[in-house]
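Heads up, the thing below is written out as structure tokens.
The values are calculated or read from the model by the stated rules, or taken from the named source; none is laboratory data. Not measured: the values here are computed from a predicted model. Neighbour counts are summed over all protein chains in view; Cβ atoms, including those assigned to glycine, are modelled from backbone coordinates with ideal geometry.
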Amino acid sequence: MSECKSCPANESQRDLIITDTIPDTMTDTFSEELNSRSLDMDIDFYTPNMGYSDIESTHSSYESQSAVIAIAKPINDYDNNNFNENEMQFVSELISAINHLKRNLVAITVWEPTNFDDSFRPLMYKHEESISSFVKTCKSLKAFKDICETDQMTLFKSGGIEALIFYRYTRFDYDNDWWKVVLDTGDAIILKFDMLKQHHFKGWYPMSRRVLHSIRHVLDLDLNIIYLLLPIILFNPDQPKLIHPETVRFQQQLYLYLLQRYGSECDTKLAQILDIIQDIRQLTDIHNQDTRLKDPKLLGPLLREVLDIELPPVDQYSLTVL
């Protein structure tokens, strides 16, 4: 892990949540930073020739064969969009890093539980897999590696879980009104959206419906916007335990800058896009509250570590053979 680097000047006054646009005075700063990073970007994660077919062939296992799902529009040719060459390298690094989240798993058997609680164990297994994959995604981003190890852990324990929940919701199949989750074993679980009504946290269902509506109608099911939002969610400078929040804020602003550069609609819809982030944070709070009510022994070790949940002490008599 690298040591924390000092924050570029003038960025400490910016606040993502209350800022709708990046002023022109900041544009040169971001452009220079992107140019600098493109020169020393890790070759293992830079894929400038990644095209539309490459993205489509690695869709997440959460997707079904429905046409109404999030899709990636081609952005590999910077002459046909608003990105310049240096910005395209930065975006390519992000797309390559997100490939860690995508797995081409084939469903052998399909199971549709009728009770929400019945899906807990297989979904917990999937949570563990997703956390492990997202760690690899984060470590593939130079912006993340440039942050000190302590702040990396702080960000992952907060924004990392929020980003994973957001990504999970973008895998929703709108035609069939479900999530299709394929496990490593080849078993697939169909989770109908209406099953969320059974959850004991009554706010889960309406908030989930609101988020899914926003992903479809505000983000237009555009995976490129979704990809850019993942690091924006991850790099949350408002976490109280951060050692260098201004460094994190600058990283977040870089991806926000790229989001605004992606298209004019992103600029005009920015306030609505930021509202989605707030909704995701509320969903994450519900998820974390629910998880902490579970028996810690039923949770995966990675999830316990991320949420700082400890196993209860073992009774000294529980291991005695009678």
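Got a sec? Which of PHE193, PHE172 is without any contact (Cβ under 8 Å) to a residue 40 or more places away in the chain, surrounded by 15 or more Cβ atoms within 10 Å (Cβ to Cβ) and touching a Phe, Trp or Tyr at 6+ places or on another chain (Cβ under 8 Å)? Give the steps one after another, and end with the answer.
Working: PHE172 fails: without any contact (Cβ under 8 Å) to a residue 40 or more places away in the chain.
None of the other options fit; the residue is PHE193.
Please go through region 214-239 and give me each residue that is part of a loop (DSSP other than H, G, I, E, B) and surrounded by fewer than 23 Cβ atoms within 10 Å (Cβ to Cβ), ordered by number. Break it down into steps so the answer makes sense when it comes.
Just the residues of region 214-239 that are part of a loop (DSSP other than H, G, I, E, B), to begin with: 218-221, 235-239.
Hits for region 214-239 are VAL218, LEU219, ASP220, LEU221, ASP238, GLN239.
Confirm whether ILE226 is within 24 Å of LEU105 (Cα to Cα), touching a strand residue (DSSP E or B) at 6+ places or on another chain (Cβ under 6 Å) and of a type in the set (Val, Ile, Thr). Outline the logic, then answer.
Numbers: within 24 Å of LEU105 (Cα to Cα): yes; touching a strand residue (DSSP E or B) at 6+ places or on another chain (Cβ under 6 Å): no; of a type in the set (Val, Ile, Thr): yes.
It is false that ILE226 is within 24 Å of LEU105 (Cα to Cα), touching a strand residue (DSSP E or B) at 6+ places or on another chain (Cβ under 6 Å) and of a type in the set (Val, Ile, Thr).
Results for (1) free of Cβ contacts under 8 Å to residues at least 24 places away in the same chain; (2) surrounded by 18 or more Cβ atoms within 10 Å (Cβ to Cβ); (3) assigned to a helix (DSSP H, G or I); (4) touching a helix residue (DSSP H, G or I) at 6+ places or on another chain (Cβ under 9 Å), shown as yes or no for each residue.
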residue	(1), (2), (3), (4)
ILE243	no, no, no, yes
GLU246	no, no, yes, yes
GLN252	no, yes, yes, yes
LEU258	no, yes, yes, yes
ILE276	no, yes, yes, yes
ASP285	yes, no, yes, no
GLN289	no, no, yes, no
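So in region 99-120, with the set limited to residues that are of a type in the set (D, E, K, R) and under 21 Å from the mean Cα position of the chain (by Cα), which one is modelled with the highest pLDDT? Break it down stepwise before answering.
Step one: filter region 99-120 for residues of a type in the set (D, E, K, R), giving 102-103, 112, 117-118.
Filter once more, so that each one left must be under 21 Å from the mean Cα position of the chain (by Cα): 102-103.
Details: LYS102: 84, ARG103: 73.
Result: LYS102.
Can you find, within region 183-209, the residue that is farthest from GLU129 (Cα to Cα) among those that are at pLDDT 90 or above and in contact with a strand residue (DSSP E or B) (Cβ under 6 Å, 6 or more places away or on another chain)?
LYS192
Just to verify a result, which residue in region 123-168, among those that are among the polar types (S, T, N, Q) and touching a His at 6+ places or on another chain (Cβ under 6 Å), is surrounded by the most Cβ atoms within 10 Å (Cβ to Cβ)? Can you show your working first?
Start the filter on region 123-168 by keeping residues that are among the polar types (S, T, N, Q), which leaves 130, 132-133, 137, 140, 150, 152, 154, 158.
After this cut, where a residue has to be touching a His at 6+ places or on another chain (Cβ under 6 Å) as well, the list is 133, 137.
Details: SER133: 17, THR137: 24.
The residue in question is THR137.
Only one of (1) assigned to a loop (DSSP other than H, G, I, E, B); (2) surrounded by 15 or more Cβ atoms within 10 Å (Cβ to Cβ) fails for ASP184. Which number is that?
ASP184 satisfies all of (1) assigned to a loop (DSSP other than H, G, I, E, B); (2) surrounded by 15 or more Cβ atoms within 10 Å (Cβ to Cβ) except (2).
Can you name every residue in region 170-221 that is under 17 Å from LYS102 (Cα atoms) and touching a Leu at 6+ places or on another chain (Cβ under 6 Å)?
Passing the criteria: PHE172, TRP179, VAL182.
Output the number of the condition that LYS197 fails; it satisfies all remaining conditions of (1) part of a helix (DSSP H, G or I); (2) in contact with a Gly (Cβ under 7 Å, 6 or more places away or on another chain).
Only one criterion in (1) part of a helix (DSSP H, G or I); (2) in contact with a Gly (Cβ under 7 Å, 6 or more places away or on another chain) is unmet by LYS197, namely (2).
Matching residues to (1) modelled with pLDDT of 90 or more; (2) of a type outside the set (Val, Ile, Thr); (3) within 21 Å of PHE156 (Cα to Cα):
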| residue | (1), (2), (3) |
| --- | --- |
| LEU221 | yes, yes, no |
| ILE226 | yes, no, yes |
| PRO231 | yes, yes, yes |
| PRO237 | yes, yes, yes |
| LYS241 | yes, yes, yes |
| LEU258 | yes, yes, no |
| CYS266 | no, yes, no |
